[in-house]
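Colleague: This is the structure I want to talk about, given as structure tokens.
The values are calculated or read from the model by the stated rules, or taken from the named source; none is laboratory data. Computed from a predicted model, the values in this text were never measured in an experiment. Cβ placement follows ideal geometry from the backbone for every residue including glycine, while neighbour counts extend to all protein chains displayed.
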Amino acid sequence: MSQFETELPLLEINNVLFPHARMTIEVKGEHNEFMVISCLTRRIPFGAVLVSPDGLRKLAERKAAGTAAGIIHVERSPDGILSVLTRGYRRFRLIEIVREEPYIMARVQFPSGFITLHSGMLSLSNRVAATFQRYVELVYEPQTFGQREFALPTSPIDLAFAAAAMLHIPPLEKQMLLEIFNAHELLALLLKILQREIARLNLDEDYKLKVRSEATIALPKIPPIGFTS
């Protein structure tokens, strides 16, 4: 996939959406609800970006990364909250805010999706896969998966996205991963984070119980990528 620029509606969210991952987003505010309805009507994606206290224009100045997302399902709860099930597709860099009414539109750049595979990257990818499987064994109880068999993507970049999406770490740290467009650097940082988390899970039983609780709640929302029935 070659590099190109386009315009996307933007939605600020409280977590980081990775390509191929699914996420349920609670949409609040008339402008954002109108944006969701517009995307549904026109069958177009929107851009999901991690909310920042500095505002979107500052994010555009530093070319922050976000993820283009498609809408799978929309549902309004009895208390009026609009819940939107989304799926990430491809990362982008935020270039500029084009307009803010009736909802935020931004010009974004989709970098090239081509990566060069070499023996060093494949070796690193295999280490990430093995370490991530160890992380999963620590975080998820064996019975949690039910009849599903755990299977990782074979593509190094898809492996990185799948692992990053399932990591129980702060959103800002996930954003750091999303910002890295060099596949080797992404895998290297991901490996360090996985090793750190495994060490903490082994040493801190309270932390392990907390993460396991979060993981059990999040598991039903995990997309088919990374799992086979």
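Colleague: Just to be sure, is Arg22 of a type outside the set (A, V, I, L, M, F, W, C), outside the structural domain of Asp158 (by TED's automatic domain parsing) and more than 15 Å from Ser83 (Cβ to Cβ)?
Modeller: no
Colleague: Right, here's the next one. Could you check Gly226 against (1) surrounded by 20 or more Cβ atoms within 10 Å (Cβ to Cβ); (2) at pLDDT 95 or above; (3) closer than 20 Å to Arg22 by Cα and say which number it fails?
Modeller: In the conditions (1) surrounded by 20 or more Cβ atoms within 10 Å (Cβ to Cβ); (2) at pLDDT 95 or above; (3) closer than 20 Å to Arg22 by Cα, Gly226 misses (2) alone.
Colleague: Here are the criteria: (1) in contact with a strand residue (DSSP E or B) (Cβ under 8 Å, 6 or more places away or on another chain); (2) loosely packed, with under 12 Cβ neighbours inside 10 Å. Tell me which single one Arg43 does not satisfy.
Modeller: So Arg43 meets the others, but not (1).
Colleague: Moving on. If you take just the strands (runs of 3 or more DSSP E) that sit entirely in region 32-136, which of them hold at least 2 residues that are within 24 Å of Pro170 (Cα to Cα)?
Modeller: On the way: elements: 46-50, 65-76, 82-99, 105-110.
Because the criterion is at least 2 residues that are within 24 Å of Pro170 (Cα to Cα), the strands (runs of 3 or more DSSP E) in region 32-136 that meet it are 46-50, 65-76, 82-99.
Colleague: Could you check region 8-26 and list, in sequence order, the residues that are surrounded by fewer than 18 Cβ atoms within 10 Å (Cβ to Cβ) and either β-branched (Val, Ile, Thr) or not in a strand (DSSP E or B) (or both)?
Modeller: Asn14, Asn15, Thr24
Colleague: Shifting gears a bit: Just to check your reading of the model, which residue among Thr24, Thr67 is over 15 Å from Gln109 (Cα atoms), among the polar types (S, T, N, Q) and in contact with a helix residue (DSSP H, G or I) (Cβ under 8 Å, 6 or more places away or on another chain)? It would help to see each step written out before you state the result.
Modeller: Values: Thr67 fails: over 15 Å from Gln109 (Cα atoms).
Exactly one residue qualifies, and that residue is Thr24.
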